[in-house]
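Peer 1: Here you go, one structure.
The values are calculated or read from the model by the stated rules, or taken from the named source; none is laboratory data. None of the values given here were measured: they were computed from a predicted structure. Every residue, glycine among them, receives a Cβ derived from its backbone with ideal geometry; neighbour counts consider all protein chains shown. In case anyone asks, the SASA skips ligands and DNA or RNA and just uses the protein heavy atoms, side chains included. Shrake-Rupley method; radii C 1.70, N 1.55, O 1.52, S 1.80 Å.
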Amino acid sequence: MRRKTGITLGAVAWLASAAAWAKKFDEMPYKIDGGFDVPMSTIAGLTEWTRDINYVYLITTVIVAVIFLAVALPLIYTLYKFRAKEGDDTPPKQLHGNVILEFLWTVIPAVLLIFIAVPTWKIIFKHDGLPARADAIKVHVVGHQWWWEFQYPDLGITTAYELHLPENTPVDLSITSADVYHAFWIPKFGGKTSAIQGNINRLSLTSPLARLPEVAGGDYYQGQCVELCGTSHALMRHVGVVHTKEGFERWVKAHNQPPKVETASQREGEQVFARCIACHAIEGTPSASIPGDKIGPNLSSFGSRSHLAGGTRKNTEENLAIWLRNPQGLKPGVLMPNLALTEPEIAALTAYLRQSTYKTY
Ligand code: CUA
């Protein structure tokens with residue numbers, strides 16, 4: 001009896017700690033502070049889509065738990081009840097086949113699978129077939145080896161790594177790839193979506209409410225490419241950044257402002273950047289008027305981004321210099337060549353690129 005009470009208390013304590021842990025994740029709108037150790041909790045989602053996924057998850061968990069008990073309890077009982085007894089050498093009764101049992105253990109799982117499949121299909125079709133709302137913010141999401149591009153056709157903005165959104169607003173994402181298969185995933189926003197060249201996977205969701213005061217520059221939700229896409233797949237990260245409506249407007253207004261060129265170092269950096277413009281553009285500078293698709297990320301407002309190199313390093317002067325000295329060192333296989341820049345050139349380029357009118361770091 002005492003043992004049973006102990007086991008029950010243990011189970012209750014374990015469940016309580018698991019619930020507290022899940023709640024901690026749920027209450028964690030955070031500003032990424034470098035490193036890879038930020039939680040990407042899929043069970044503590046913030047959109048209707050994640051809630052729907054969790055509903056199917058719950059149904060599945062309950063059914064699986066019932067099956068587990070229905071199998072494990074009789075098994076334990078049988079092992080105990082029919083164990084070999086000392087001095088009893090009688091062989092157990094031999095059986096071959098039992099039509100009723102075989103029928104039951106075929107039909108019951110089939111019925112249970114229907115119970116799981118129907119809500120799963122319902123939710124897949126509900127979210128797959130969502131038409132774009134007229135008031136939705138449209139974003140084209142393009143996976144590249146190994147970084148994410150976000151284009152806002154109605155706002156004239158092209159950026160990388162950070163998907164900025166106003167809070168509580170319908171969002172229409174058109175997801176594709178410029179090269180191999182990638183997959184877009186911000187666990188707190190919803191399920192994984194494949195990014196396939198020549199194909200557009202649409203995703204409609206409503207952005208969550210902003211939680212941190214806007215002065216912190218929005219709430220950051222970590223994402224990660226979840227389709228093995230080459231050498232640096234693990235280094236292909238992205239974030240969803242949720243702003244208040246005013247905060248988002250400020251971001252939009254500031255995003256395409258060219259970097260300020262005030263100091264001698266920034267002026268020199270502007271000169272050095274002329275060597276980058278075949279692959280990179282900065283709005284409001286001559287680099288933006290070169291026709292054709294750029295292979296590298298658009299660097300407008302680069303200074304305001306929290307991370308660089310596909311989200312692998314915090315966007316600091318030091319890390320940008322490390323990147324410029326040898327991009328392959330941070331992201332093996334990246335298309336950006338080592339430009340053999342001198343240290344003064346790197347310092348100047350860093351001073352120029354890290355300027356941004358929307359600077360929150
Ligand atoms: Cu892109 Cu993995």
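Peer 1: Which three extents, in whole angstrom, do the alpha-carbon atoms of the chain cover along their principal axes, largest first?
Peer 2: Here the spans come out as 96, 47, 39 Å, largest first.
Peer 1: In sequence order, what are the phi-derived ³J(HN,Hα) couplings for the range 317-325 according to the Karplus relation 6.51 cos²θ - 1.76 cosθ + 1.60 with θ = phi - 60°, rounded to whole Hz, with x for glycine and proline?
Peer 2: 4, 4, 5, 5, 5, 4, 4, 5, 5
Peer 1: Out of residues 5 or more away from residue 157 or on other chains, whose amide H comes under 5 Å of its own, with H placed 1.01 Å from N in the peptide plane?
Peer 2: Under 5 Å from the amide H of residue 157 lie the amide H atoms of 152, each far enough along the sequence or on another chain.
Peer 1: Using alpha carbons only, how many degrees (0 to 90, rounded to 10) separate the axis of helix 245-255 from the longest principal axis of the chain?
Peer 2: The helix 245-255 is inclined about 50 degrees to the chain.
Peer 1: Run the reach check for residue 260 against aspartates and glutamates, Cα to Cα strictly under 15 Å, same-chain hits fewer than 8 apart removed. What comes back?
Peer 2: 268, 270, 283
Peer 1: Still on this structure, I have one more. Give me the accessible area per residue for the chain, probe 1.4 Å, as a whole number in Å².
Peer 2: Working: 20430 Å² over 361 residues.
Dividing the accessible area of the chain by its residue count gives 57 Å².
Peer 1: Related question: Going by amide H atoms built from the backbone, whose H comes under 5 Å of the H on residue 313, apart from near neighbours?
Peer 2: Amide H neighbours of residue 313: 308.
Peer 1: Got a sec? What order do 304, 194 fall in by accessible area at 1.4 Å, biggest, i.e. largest, first? Spell out each step's value before the answer.
Peer 2: Working: 304 10, 194 45 Å².
So, going from the largest accessible area down, we get 194, 304.
Peer 1: Roughly how many Å is it from the Cα centre of the range 34-95 to that of the range 228-293, as a whole number?
Peer 2: 50
Peer 1: Choose one answer from 103, 248, 150: the residue with the largest mean-square fluctuation in a GNM of the chain with alpha-carbon springs under 10 Å.
Peer 2: Of 103, 248, 150, the most mobile in the Gaussian network model is 103.
Peer 1: Additional query: What span do the alpha-carbon atoms of the range 126-234 cover on each of the three principal axes, reported in whole Å from largest to smallest?
Peer 2: Ordered largest first, the range 126-234 gives principal extents of 38, 31, 28 Å.
Peer 1: Further question: Under 8 Å for C-alpha pairs, at least 6 residues apart: give me the relative contact order for the range 264-356, rounded to a whole percent. Write out the running numbers ahead of the final one.
Peer 2: Working: 117 pairs, mean separation 36.3, N = 93.
The normalised contact order for the range 264-356 reaches 39 percent.
Peer 1: Moving on. Under the definition of Cα pairs under 8 Å and six or more residues apart, what whole-number percent is the relative contact order of the chain?
Peer 2: Values: 616 pairs, mean separation 58.6, N = 361.
The value is 16 percent.
Peer 1: Quick one: with all protein chains in place, what share of the accessible area of the chain is carbon or sulfur, to the nearest percent (1.4 Å probe)? Spell out each step's value before the answer.
Peer 2: On the way: 13080 of 20430 Å².
For the chain, the apolar C and S fraction of the accessible surface comes to 64 percent.
Peer 1: While we're here: Could you pull the accessible area for residue 142 with a 1.4 Å probe, rounded to 10 Å²?
Peer 2: Using a 1.4 Å probe on the heavy atoms, I get roughly 20 Å².
Peer 1: R0 = 51 Å: FRET efficiency of residue 339 with residue 174, Cβ-based, nearest 0.05? Please list the in-between numbers first.
Peer 2: Working: r = 33 Å, r/R0 = 0.65.
The formula returns an efficiency of 0.95 here.
Peer 1: Using the structure shown, select from 192/314; 294/331; 126/253; 192/294; 188/245; 126/331 the pairs with a Cα to Cα distance greater than 29 angstrom.
Peer 2: Details: 192/314 25 Å; 294/331 19 Å; 126/253 35 Å; 192/294 27 Å; 188/245 20 Å; 126/331 38 Å.
Among 192/314; 294/331; 126/253; 192/294; 188/245; 126/331, the Cα-Cα distance tops 29 Å for 126/253; 126/331.
Peer 1: Here is a further query. Calculated FRET efficiency, residue 253 and residue 113, Cβ-Cβ r, R0 45 Å, to nearest 0.05? Show your work: numbers first, answer last.
Peer 2: Working: r = 53 Å, r/R0 = 1.17.
The formula returns an efficiency of 0.30 here.
Peer 1: Angle check, please: helix 343-353 long axis (alpha carbons) against the longest principal axis of the chain (alpha carbons), in degrees 0 to 90, nearest 10.
Peer 2: Tilt of helix 343-353: around 80 degrees.
Peer 1: Residue by residue through the range 231-242, what is 3J(HN,Hα) from phi via Karplus (6.51 cos²θ - 1.76 cosθ + 1.60, θ = phi - 60°)? Round to whole Hz and write x for glycine and proline.
Peer 2: Calculated HN-Hα couplings, in order: 3, 9, 3, 5, 9, 10, 10, 8, 10, x, 10, 9 Hz.
Peer 1: A further question follows. Counting only DSSP beta bridges with both residues in the chain, tell me the antiparallel percent, nearest 5. List each step's numbers first, then the result.
Peer 2: On the way: 27 of 39 bridges.
Counting only bridges with both partners in the chain, antiparallel ones make up about 70 percent.
Peer 1: Here's something else I'd like to know. Can you work out ³J(HN,Hα) from phi for every residue in the range 193-204, in order, using Karplus 6.51 cos²θ - 1.76 cosθ + 1.60 and θ = phi - 60°, giving whole Hz and x for Gly and Pro?
Peer 2: With the stated coefficients, the range 193-204 comes to 9, 5, 10, 10, 4, x, 9, 10, 9, 8, 9, 10 Hz.
Peer 1: Sticking with this one: On C-alpha positions alone, give me the angle between the axis of helix 99-128 and the longest principal axis of the chain, in degrees, nearest 10.
Peer 2: Roughly 20 degrees, rounded to the nearest 10.
Peer 1: For the chain, what does the helix formula give at 222 nm: sum of -39500 (n - 2.57) over DSSP H segments with n ≥ 4, over the residue count, nearest 500 deg cm²/dmol? Intermediate results must be reported in sequence, preceding the final value.
Peer 2: Numbers: 8 runs with 134 residues, N = 361.
It lands at -12500 deg cm²/dmol.
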